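Notes to accompany the following structure.
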Amino acid sequence: MSLDGATASTATEEEPRRMSVRSGDVTLAVRQYGSSGDVVLLLHGGPGCPDYLEPVARHLGARFRAVTFDQRGVGASTGDGRFGLEHYVADVEAVRLAMRADHIRLFGHSWGGLLAQLYLREHPERVTSAFLSNPSVGLGEQWLRMQREVMRFNRRRSGPVRFAALGFWSLAARLPGRLGDVAGRRVLAQVWRNYFPDPHAAPPADPTWLAGSRSVAARKTVAAVIGAPASTLERLGDAVTVPLMVVYGHDDIYGPCVDDVEERFPGARHVRLEDCGHVPWIQAPERYFGLMDRFHSLNASHGLSDA
């Protein structure tokens with residue numbers, strides 16, 4: 001994605017430390033920003049596209065060890081054809097172990113926000129705080145309802161001609177191999193523009209980011225999400241004892257379905273950012289990073305540094 005202008009003045013300017021982490025038969029491309037403090041593990045959205053959270057990681061890297069990685073089968077990470085939810089959770093755990101962190105702070109955006117919830121469900125003892133940014137709402141029927149709301153959002157933003165083209169490329173993205181990848185990138189490019197109030201004036205998606213996207217990863221991951229019962233996360237909020245914040249933009253791609261997340265985490269702090277959509281670190285960076293900094297400062301006592 002094109003992320004120019006999103007980095008705050010307090011962000012680290014150092015080049016990230018790059019490493020490869022094995023998770024079963026998969027090799028994950030991992031980057032670390034910052035060299036001291038708690039590990040904040042950032043989970044990007046999609047599914048089916050590589051990491052795009054560098055500006056957030058650079059900001060957090062001024063205070064923490066902020067770690068990003070390309071999810072399995074996309075970007076510089078390899079795949080083994082398996083995209084089950086348990087495989088994604090295992091990948092997060094593999095990165096945690098590779099960082100030698102007994103405990104981590106979680107950050108998840110969009111689909112990555114849902115993955116963060118799945119990891120929190122399986123490994124609650126490893127998490128000291130969770131910042132869910134514009135998280136996807138849930139599994140099974142909850143995901144399907146969310147998809148319908150996102151489709152209506154894209155119809156409004158695209159207009160009839162562009163929305164028809166979006167539908168065509170979405171169908172073509174189901175084709176195998178390179179043809180499906182090319183079509184999937186067309187979908188991502190248009191959806192990216194729709195994140196902004198005026199899609200015609202929106203910054204274009206980063207071609208390097210698009211080139212790392214894979215339609216098979218998107219299709220198989222979505223199938224796994226839809227195939228899982230919504231009840232999987234039903235009582236997660238009752239078990240969460242760590243500080244948790246949920247942030248959505250007032251003009252987010254999700255509609256009323258976000259109520260599911262609020263009901264799931266009644267003890268969390270829920271924030272709706274005015275004049276902001278699905279990529280708040282670009283659309284409202286000062287307010288967004290300020291909110292994030294206050295969250296981590298208020299909950300500093302919960303962190304257990306492994307540096």
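Structure notes:
- When each of A57, A94 is tested for being in a helix (DSSP H, G or I), in contact with a strand residue (DSSP E or B) (Cβ under 6 Å, 6 or more places away or on another chain) and buried (at least 23 other Cβ atoms within 10 Å of the Cβ), the lone residue that passes is A57.
- Of all residues in region 97-150, those that are over 14 Å from the mean Cα position of the chain (by Cα), over 20 Å from R72 (Cα atoms) and among the hydrophobic types (A, V, I, L, M, F, W, C) total 7.
- Lone qualifier among R186, R174, R214, R219 - being of a type outside the set (A, V, I, L, M, F, W, C) and more than 28 Å from L118 (Cβ to Cβ): R186
- Inspection of region 67-78 finds no residue satisfying the criterion of being assigned to a helix (DSSP H, G or I), touching a residue at least 60 places away in the same chain (Cβ under 8 Å), touching a helix residue (DSSP H, G or I) at 6+ places or on another chain (Cβ under 6 Å) and of a type in the set (A, V, I, L, M).
- Evaluation of A300 against (1) surrounded by fewer than 16 Cβ atoms within 10 Å (Cβ to Cβ); (2) in contact with a Pro (Cβ under 7 Å, 6 or more places away or on another chain) (one fails), failing number: (2)
- Test: residue in region 31-52 that is among the β-branched types (V, I, T) and closer than 19 Å to V216 by Cα: no
- When region 161-185 is filtered for residues that are touching a Leu at 6+ places or on another chain (Cβ under 8 Å) and more than 16 Å from V74 (Cβ to Cβ), only A172 remains.
- Subset of region 162-206 [part of a loop (DSSP other than H, G, I, E, B) and among the small types (G, A, S)]: A173, A202, A205
- Of everything in region 104-161 that is polar (S, T, N, Q) and in a helix (DSSP H, G or I), the residue that is surrounded by the fewest Cβ atoms within 10 Å (Cβ to Cβ) is Q147.
- Unmet requirement for R82, which otherwise passes all of (1) in a helix (DSSP H, G or I); (2) assigned by TED's automatic domain parsing to the domain that holds E262; (3) basic (K, R): (1)
- Candidate set: region 194-208, residues that are out of contact with any Leu (no Cβ under 7 Å at 6 or more places or on another chain) and surrounded by 20 or more Cβ atoms within 10 Å (Cβ to Cβ); chosen: the one nearest to R121 (Cα to Cα): Y195
- Condition check for A218: under 23 Å from the mean Cα position of the chain (by Cα) and surrounded by 20 or more Cβ atoms within 10 Å (Cβ to Cβ): yes
- Members of region 282-297 that are closer than 23 Å to P197 by Cα, out of contact with any Asp or Glu (no Cβ under 8 Å at 6 or more places or on another chain) and surrounded by 15 or more Cβ atoms within 10 Å (Cβ to Cβ): I282, P285, R287, Y288, F289, L291
- Restricting attention to region 14-39, the residues that are touching a residue at least 24 places away in the same chain (Cβ under 8 Å) and not in a loop (DSSP other than H, G, I, E, B) total 13.
The values are calculated or read from the model by the stated rules, or taken from the named source; none is laboratory data. In this text the structure is predicted, and so the values were computed from the model without any measurement. When we count neighbours, we look across all protein chains shown, and the Cβ atoms used for this are built from the backbone with ideal geometry, even at glycine.
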